[in-house]
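Please read the structure below before turning to the comments.
Derivation of every value follows stated rules applied to the coordinates shown; laboratory data play no part. This structure is a prediction, so every number in the text was calculated from the model and none was measured. Virtual Cβ from ideal backbone geometry, glycine too; neighbours counted across all protein chains shown.
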Amino acid sequence: MASDERSVTVHAAGHEHVSATHESTFEVTSDDWLTPAGDCILGVEADCTPAALDEGFVSACRDRGATITATLTAGDHEQTVTGRGHPDLTFEDDRSMVFRTSDYADDRTVMVGADASADDIDRDLVAALADGADLTVTLRVE
């Protein structure tokens, strides 16, 4: 993981059970396993969790006016998802980062109001992850 007050880069691994069919969230987890039921999970074995993020980055994300972008890269495939910050983001979870299309915020949430869920992720990117490609998630807050 690399981070500063405005950006963080998270590295994770794809997995054969990545299906990306969830309609309101997507997730990256530090767990090293994934079952077929985990239809929101894009990557496993993430090298960063919300609890490990730089305090400056966290503070910037808690601004209701913040724009947060997540650029997902796997092999030759890339997609950017844009959402918002929220004062209720706690960044306390030590396992998973969740990106939500709703305004719901819990200790795993790193973005609300996302303009895409797992179901909206480019199918070629999803196929690369299901084939085991590495995933890079670059988060930026403005």
Condition broken by VAL18, with the remaining ones in (1) over 24 Å from LEU129 (Cβ atoms); (2) buried (at least 18 other Cβ atoms within 10 Å of the Cβ) satisfied: (1)
Region 38-58, residues that are in contact (Cβ under 8 Å) with a residue 12 or more places away in the chain, farther than 19 Å from LEU135 by Cβ and surrounded by fewer than 19 Cβ atoms within 10 Å (Cβ to Cβ): ALA51, ASP54, GLY56
Count - residues of region 60-70 that are surrounded by fewer than 16 Cβ atoms within 10 Å (Cβ to Cβ) and not in a loop (DSSP other than H, G, I, E, B): 1
